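**Q** My structure is below; once you've seen it, I'll send some questions.
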Amino acid sequence: MKNLLVLGNGFDLTCNLRSKYEQYFHSKFSDDLTLDLDRLKKEFEEFFVLFCERSGENRGERYSLYSEAKDYFNDYKKPKKINIWDLIIYYGKEGIPDKWNDVESRILDFLVYEPYNSESKRRIPNFIQIKESKYTIDKIRDEENKYSSYFYSQLIIFVASLFNLPDPSTSKSTLLSELKKFENNFREYLLHSLDDPHDMYCYKENAEHLLENIKKQANPEFPVRLSVLSFNYTRPFTSNVLNVKHLQWQNIHGRLEENNIILGIDQNKVNVKDVAYRFTKTYRQLLQNDSWFNQTQTILPNKEDIHKIIFYGHSLSEADYSYFQSIFDYYDIYLSRVELIFFYNDYRPNIQQEQVLDVSRLIKKYGQTMVNKDHGDNLLHKLIIEKRLSVRKLLVSPML
């Protein structure tokens, strides 16, 4: 008998690995650079008004004015290792994303244009408006006198040009190439975080300690083997150690050591005919099928072997709903006796309520995909009354 353990970035964070997007951001963006980016935004508005007034419909005049502006802004230092996606994410919304699923949401929002049906969508840059060739002053601000998505889209083009980055309006292929650079920059950051032997030792010790806590609190009656499905890019143990521990470990989005990590969007959010489909995790995994299909062990353990599916440290974001749907389908959570356990750390107020809402949303969303709609509507209630669904606080002693 085994338990399947699904891990997210919260696992690495609990092990004191600095893997938050915010931590990665501050390693690349100095205070001076963020001040420059904010100042550029303010000064670009003044230039853009002049640009619209002088250019009219004369395209040649527009380019001339853009060239003048580049000379005017030439005192800005060109930062190293700043990527076009860094700009899109930075200018995407107010504030730096806290979680990686927020980063993936900004990638989706940029690539897949939707009419502005909500307040939050009005100020998000997108690919359609980056390609917009008609520049008008009235588009700079929205009804609430805040910068519009159109303004941010044009700002990104200009700053990219200023920093000698590829033009994001050229094609989505260019953006995909830039996303791979973005992934590699994060990979180098994480590898550097584990360069120090002491840091690596602490990470491994913390990971072992945390796994033991999860195992014991999920199965206090008797020891059960674990099979790990990790959404992280890290693996704290070597293959030999995993064999000794009888522990299966799969990194579904690639591993640092194998130089194949991927960020992406959920396939359910994109039409397969759209060029943006090439940014989905599903599509990009298929491109890496050699590393997947040459493995001797399957990604998911045999359904007959799994007694419980445990989740820890995952945001349960919509970007990964396709994976959860596949897992729930494979283990037939409606008809089987498989138990679902969602562990959380009590590190801030209201975390329990937030986790319960996230779990409820996930199960309800999965229920909508079931062929039998009555079963789908009833799934959450069924799991609760059969005592096959629980949201639990994980008790963990201090880490190294």
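**Q** Please get the size of the charge dipole for the chain, origin at its Cα centre, with Cβ charges of +1 on Lys and Arg and -1 on Asp and Glu, quoted in debye to the nearest 20. Intermediate results must be reported in sequence, preceding the final value.
**A** Working: 55 positive and 57 negative charges, 176 e Å.
Using only the charged Cβ atoms, the result is roughly 840 debye.
**Q** Another question about this same structure. Which far-off residues, 5 or more places away or on another chain, put their amide H under 5 Å from the one on ASN251, with H placed in the peptide plane?
**A** SER230
**Q** Same structure, new question: Relative contact order of the chain, please, whole-number percent, based on alpha carbon pairs below 8 angstrom and at least 6 residues apart. Please report the intermediate quantities before stating the final value.
**A** Numbers: 494 pairs, mean separation 86.9, N = 400.
About 22 percent, as a whole number.
**Q** For the chain, find the longest principal axis of its Cα atoms and tell me its angle to the long axis of helix 59-72, 0 to 90°, nearest 10.
**A** The angle comes out at about 80 degrees.
**Q** Counting only other residues whose beta carbon sits under 10 Å from that of LYS99, what net charge do I get with K and R as +1, D and E as -1?
**A** Working: positive: LYS20; negative: GLU22, ASP98, ASP102, GLU104.
It works out to a net charge of -3.
**Q** For the charge dipole of the chain, defined by +1 on Lys and Arg C-beta atoms and -1 on Asp and Glu C-beta atoms about the Cα centroid, which residue among PHE29, GLN248, LEU108 has the Cα displaced farthest towards the positive pole?
**A** GLN248
**Q** Moving on to the next point. If one computes the Cα centroid of segment 208-227 and of segment 325-386, what distance in Å separates the two points?
**A** 21
**Q** Where does helix 172-193 land angle-wise versus the long Cα axis of the chain, in degrees 0 to 90, nearest 10?
**A** Helix 172-193 and the main axis of the chain meet at about 60 degrees.
**Q** A further question on this structure: Cα convex hull of segment 195-242: mean projected area in nm², to one decimal?
**A** Details: hull surface 16.1 nm².
Convex hull of Cα atoms, orientation-averaged projection: 4.0 nm².
**Q** If each DSSP helix of 4+ residues adds -39,500 (n - 2.57) and the sum is divided by the residues in the chain, what number results at 222 nm, nearest 500 deg cm²/dmol?
**A** Details: 16 runs with 193 residues, N = 400.
Computed ellipticity for the chain at 222 nm equals -15000 deg cm²/dmol.
**Q** Which three semi-axes in whole Å describe the equivalent ellipsoid of the chain, each the square root of 5 times a Cα gyration tensor eigenvalue, listed largest first? Spell out each step's value before the answer.
**A** Working: eigenvalues 368, 117, 71 Å².
Over the Cα atoms of the chain, the ellipsoid semi-axes are 43, 24, 19 Å.
**Q** Also, quick follow-up: Long-range amide H contacts for GLU339: which residues qualify at under 5 Å (H placed 1.01 Å from N, peptide plane, sequence gap of 5 or more or a different chain)?
**A** Here LYS308, ILE309 satisfy the definition.
**Q** Additional query: May I ask for the net charge around HIS209, where only other residues with Cβ less than 14 Å from the Cβ of HIS209 are counted and Lys, Arg are +1 while Asp, Glu are -1? Intermediate values should be presented prior to the final figure.
**A** Numbers: positive: LYS204, LYS215, LYS216, LYS245; negative: ASP12, GLU205, GLU208, GLU212.
That works out to 0.
**Q** Given springs between every Cα pair under 10 Å in a Gaussian network model of the chain, which of ASN260, ASN251, ASN164 has the largest fluctuation?
**A** ASN164
**Q** Hey, another quick one. Looking only at GLY95, GLY376, GLY313, which one moves most when the chain is put into a Gaussian network model with springs between Cα atoms under 10 Å?
**A** Between GLY95, GLY376, GLY313, it is GLY95 that shows the largest mean-square fluctuation.
**Q** Just need the relative contact order of segment 319-400 here, percent rounded to a whole number, with Cα pairs under 8 Å and 6+ apart. Before the final figure, lay out the partial values.
**A** Values: 66 pairs, mean separation 32.1, N = 82.
For segment 319-400, the relative contact order is 39 percent.
**Q** Okay, moving on. Using per-residue counts of other Cβ atoms within 10 Å, averaged over each peptide, order 221-233, 25-37, 263-275 from highest down.
**A** Working: 221-233: 18.0, 25-37: 14.2, 263-275: 16.3.
Output ranking for 221-233, 25-37, 263-275: 221-233, 263-275, 25-37.
**Q** When only C-alpha pairs under 8 Å and at least 6 residues apart count, what is the relative contact order of segment 201-303, in percent? Intermediate values should be presented prior to the final figure.
**A** Values: 87 pairs, mean separation 19.6, N = 103.
Over segment 201-303, the number comes to 19 percent.
**Q** Convert 25 °C to kelvin, take the viscosity as 0.890 mPa s, use the Kirkwood radius over C-alpha pairs of segment 179-281 as Rh, and evaluate the Stokes-Einstein diffusion coefficient in µm²/s, rounded to a whole number. Provide the component values of the computation, followed by the final result.
**A** On the way: Rh = 16.0 Å.
Estimated diffusion coefficient is 154 µm²/s.
**Q** Cβ neighbours within 10 Å, averaged per peptide: list 105-112, 207-214 in order, most packed at the top. Walk me through the numbers before you get to the answer.
**A** Numbers: 105-112: 22.2, 207-214: 18.2.
Packing order, densest peptide first, comes out as 105-112, 207-214.
**Q** May I pose another question? Greater than 19 Å separation of Cα atoms is the criterion. Which listed pairs, LYS216/LYS245; LYS42/LYS70; LYS216/LYS365, meet it?
**A** Numbers: LYS216/LYS245 15 Å; LYS42/LYS70 15 Å; LYS216/LYS365 30 Å.
Beyond 19 Å: LYS216/LYS365.
**Q** Provide the net charge surrounding ASN3, with neighbours chosen by a C-beta distance below 12 Å and charges set as Lys +1, Arg +1, Asp -1, Glu -1. Walk me through the numbers on the way to the answer.
**A** On the way: positive: LYS2, LYS215, LYS216, ARG225, LYS308; negative: ASP305, GLU339.
My count for the surroundings of ASN3 gives +3.
**Q** To the nearest 10 degrees, how steep is helix 351-367 against the longest Cα principal axis of the chain, on a 0 to 90 scale?
**A** Its long axis makes an angle of about 90 degrees.
All of the numbers you see were taken from the coordinates with simple rules; none came from a lab. All figures in this text were calculated on a predicted structure; none of them were measured in a lab. Cβ sites come from the backbone with ideal geometry, for glycine too, and all protein chains shown count toward neighbours.
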